[in-house]
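The values are calculated or read from the model by the stated rules, or taken from the named source; none is laboratory data. This is a predicted model, so every value here is computed, not measured. Here Cβ is always computed from backbone atoms with ideal geometry, including for glycine, and neighbour counts include all displayed protein chains.
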Amino acid sequence: MAATGASNEQVPVRVFGGPTALIEYGGLRFLTDPTFDAPGAYPSGLAKTAPASAAPADLGRIDVVLLSHDEHDDNLDASGRTLLADVPLTLTTPSGAGRLGGTARPLKDWESIELDRPGGGTITVTGVPALHGPGAREDLEPVVGEVVGFVLSGDGLPTVYVSGDNAQLSLVREIADRFGPVDTAVLFAGAVRTPVMDRALLTLDSAQAAEAARILDARRIVPVHFDSWAHFTEGRDELVAAFAAAALTDRVDFGIRG
């Protein structure tokens, strides 16, 4: 399966629980949705059930945070907010950048930013659409907030897609049309359901994650956002079963833990 640029360069991905993963790409280190608080309940009603497998101090250098959104504790918690102060660049939604300030920069859908690679060359980070539930953007965002996904690309580099809290496969098709096939897709799964949207799916369920893999023609899928929180209704077992049912087991990689 061909990916944009050279497909033989491996993209290490470390996963820490929830939506948090460290992606080493083109000499830079990207952290997704930082959540490092201890287990416990939040005033929002969400409950964290397991600790992250590492602490921020264990991560080493972070060059960029890819923050799908800042409004929910399971995507940015108190420890994650503290971490942002020490990171040179946070890419997130336009509204989130306004709330966070500091080094946060807005990235609209299909907008790109060029980042210098150590030793020369650049990485392109493109904001891509994500919707945190079913229905139209104008109906969803006032209720569940604005979300963005990301695509990483560069000359001689494989293409990496980070979905963020997207629940709509139609958007995955748009992204595949522009960037597919991708090498590595970091998919936020977990089949999230809460009373806020009458328990409608707010992220991909396991079967949809497998379908997203097919749409993207992805060589590798790294699932995240399926453990460590009480409102995630499907976990690793459901993901394994769904990818097996879709005959895509060989594409699933649960990442390097911790």
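Table: residues versus (1) among the small types (G, A, S); (2) within 18 Å of the chain's Cα centre (by Cα).
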| site | (1), (2) |
| --- | --- |
| P12 | no, yes |
| G40 | yes, no |
| P51 | no, no |
| L59 | no, yes |
| I62 | no, yes |
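Only a single item in (1) surrounded by fewer than 16 Cβ atoms within 10 Å (Cβ to Cβ); (2) β-branched (V, I, T); (3) in contact with a Pro (Cβ under 9 Å, 6 or more places away or on another chain) is not met by T20, and it is number (1). Just name the residue that is nearest to P181 (Cα to Cα) out of those in segment 125-162 that are in a loop (DSSP other than H, G, I, E, B) and among the charged types (D, E, K, R). Among those that are in a loop (DSSP other than H, G, I, E, B) and among the charged types (D, E, K, R), it is D155.
Among the candidates E71, E141, the residue that is of a type outside the set (G, A, S), more than 23 Å from T20 (Cβ to Cβ), crowded, with 16+ Cβ neighbours inside 10 Å and out of contact with any Pro (no Cβ under 8 Å at 6 or more places or on another chain) is uniquely E141.
In segment 117-132, the residues that are farther than 30 Å from V143 by Cα and in contact (Cβ under 8 Å) with a residue 12 or more places away in the chain reach residues that are buried (at least 22 other Cβ atoms within 10 Å of the Cβ) and among the β-branched types (V, I, T) with C-beta atoms within less than 7 angstrom, at least six apart or across chains, in these pairs: R117/I123.
Among residues of segment 191-240 being within 23 Å of A41 (Cα to Cα), of a type in the set (K, R) and in contact (Cβ under 8 Å) with a residue 12 or more places away in the chain, the one that is surrounded by the most Cβ atoms within 10 Å (Cβ to Cβ) is R193.
Here segment 106-121 is the region considered, the condition is being part of a loop (DSSP other than H, G, I, E, B) and of a type in the set (G, A, S), and the residue that is nearest to the chain's Cα centre (by Cα) is G121. Count of segment 127-138 residues, restricted to those that are of a type outside the set (G, A, S) and surrounded by 21 or more Cβ atoms within 10 Å (Cβ to Cβ), is 3. Can you tell me which residue is modelled with the highest pLDDT among those in segment 231-253 that are under 19 Å from D74 (Cα atoms) and in contact with a Lys or Arg (Cβ under 8 Å, 6 or more places away or on another chain)? The qualifying residue modelled with the highest pLDDT is T233. The set of residues in segment 1-40 being at pLDDT 95 or above, assigned to a loop (DSSP other than H, G, I, E, B) and of a type in the set (S, T, Y) consists of T35 alone. Looking across segment 78-107 at every residue that is buried (at least 21 other Cβ atoms within 10 Å of the Cβ) and among the hydroxyl-bearing types (S, T, Y), the one that is farthest from P34 (Cα to Cα) is identified as T93. Quick check: anything in segment 163-183 surrounded by 21 or more Cβ atoms within 10 Å (Cβ to Cβ), of a type outside the set (D, E) and in a strand (DSSP E or B)? Taking every residue of segment 163-183 in turn, none turns out to be surrounded by 21 or more Cβ atoms within 10 Å (Cβ to Cβ), of a type outside the set (D, E) and in a strand (DSSP E or B). Looking at segment 71-105, which of its residues are outside any helix (DSSP H, G or I) and farther than 18 Å from V144 by Cα? Result: A85, D86, V87, P88, L89, T90, L91, G101, G102, T103, A104, R105.
Here G180 meets each of (1) in contact (Cβ under 8 Å) with a residue 60 or more places away in the chain; (2) over 14 Å from the mean Cα position of the chain (by Cα) with one exception, condition (1). For the structure I just gave you, tell me whether L187 is without any contact (Cβ under 8 Å) to a residue 60 or more places away in the chain, aliphatic (A, V, I, L, M), closer than 13 Å to V162 by Cβ and in contact with a Ser or Thr (Cβ under 9 Å, 6 or more places away or on another chain). Here the answer is yes, as L187 does meet what is asked.
Condition check ((1) among the acidic types (D, E); (2) closer than 28 Å to Q168 by Cα; (3) in contact (Cβ under 8 Å) with a residue 12 or more places away in the chain) across all residues:
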{"residue": "Y42", "(1), (2), (3)": "no, yes, yes"}
{"residue": "A54", "(1), (2), (3)": "no, no, yes"}
{"residue": "D63", "(1), (2), (3)": "yes, no, yes"}
{"residue": "L67", "(1), (2), (3)": "no, yes, yes"}
{"residue": "T82", "(1), (2), (3)": "no, no, yes"}
